[in-house]
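Working notes for the structure below.
The values are calculated or read from the model by the stated rules, or taken from the named source; none is laboratory data. Since we're looking at a predicted model, the values are computed, not measured. Neighbour counts run over all protein chains shown; Cβ positions are idealised from the backbone, glycine included.
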C-alpha cells in the first residue's frame, strides 16, 4: 500500500498548530541529546549558510575545497558520528525539484555524500513531482526528535537560520511524526556514489 495512504491521518492537517519559541542556540543540544532517533526534513532549494560559501565556490569551480573550508563541517558531523555510535538513528529527508540547482548539487554531492553518509547519517531524497499530494500541505523544515518533539527552524528572506520554535499541541505533533514516517517509508537511502537525478 502507498505509504501516504497507509498513514491515513497524514492529510488531515491540524487546523491549529501551536508553537512556542525556543532559543535557536539550543537546536544542537536538543538534537544531539536524542535518545533513539532524529530526523530532519528539508524543504528549501537553497540555504544561506555563510560557512558553506568557500566550499560551495570551490565545488562549483570543480576544485577540492580547502582544508579551512572543511573544518567548518567537522563539529556538526562529529556530533552525528557520536549520536550514531551510541545507537541513535540519524536521518534526513530533502524534498527536491526535478532539476536540482547548483546549491542542491553541492548539497548532495559534497555535503551529504562527503560528510553526512560517511558519518552514519541516513539521507533520503524525495522528488516533489513524485508526490503531488504533498503540495496540498503547507509545511516548512522541521526536526522530529524521538518521535516526541517537533522543532521548526525559521529563516530570513535570504534563507539564513534566524529562530527556532517547537510545536506544542498533540494533534500537530502527531501530524508531523506521521508526515516524517510517510516520507521515510517512501524512500531509500542515498548511495555514496552514482547518479541521483
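With the range 1-108 as the region, which helices (runs of 4 or more DSSP H) entirely inside it contain at least 1 residues that are on the phi < 0 side of the Ramachandran plot, at pLDDT 90 or above and surrounded by fewer than 19 Cβ atoms within 10 Å (Cβ to Cβ)? Working first, answer last.
On the way: elements: 3-6, 27-32, 53-60, 67-71, 74-85, 102-106.
Result: 53-60, 74-85, 102-106.
Within the range 153-173, is there a residue that is surrounded by 13 or more Cβ atoms within 10 Å (Cβ to Cβ), under 16 Å from the mean Cα position of the chain (by Cα) and either without any contact (Cβ under 8 Å) to a residue 60 or more places away in the chain or over 24 Å from residue 29 (Cβ atoms) (or both)?
For the range 153-173, residues surrounded by 13 or more Cβ atoms within 10 Å (Cβ to Cβ), under 16 Å from the mean Cα position of the chain (by Cα) and either without any contact (Cβ under 8 Å) to a residue 60 or more places away in the chain or over 24 Å from residue 29 (Cβ atoms) (or both): present.
With the condition kept exactly as written, say whether any residue in the range 116-129 is surrounded by 17 or more Cβ atoms within 10 Å (Cβ to Cβ) and assigned to a helix (DSSP H, G or I).
Yes: one or more hits.
Just to be sure before I move on: is residue 188 more than 27 Å from residue 24 (Cα to Cα), at pLDDT 90 or above and out of contact with any helix residue (DSSP H, G or I) (no Cβ under 9 Å at 6 or more places or on another chain) in the structure I sent?
Considered against the rule, which asks whether it is more than 27 Å from residue 24 (Cα to Cα), at pLDDT 90 or above and out of contact with any helix residue (DSSP H, G or I) (no Cβ under 9 Å at 6 or more places or on another chain), residue 188 comes out as yes.
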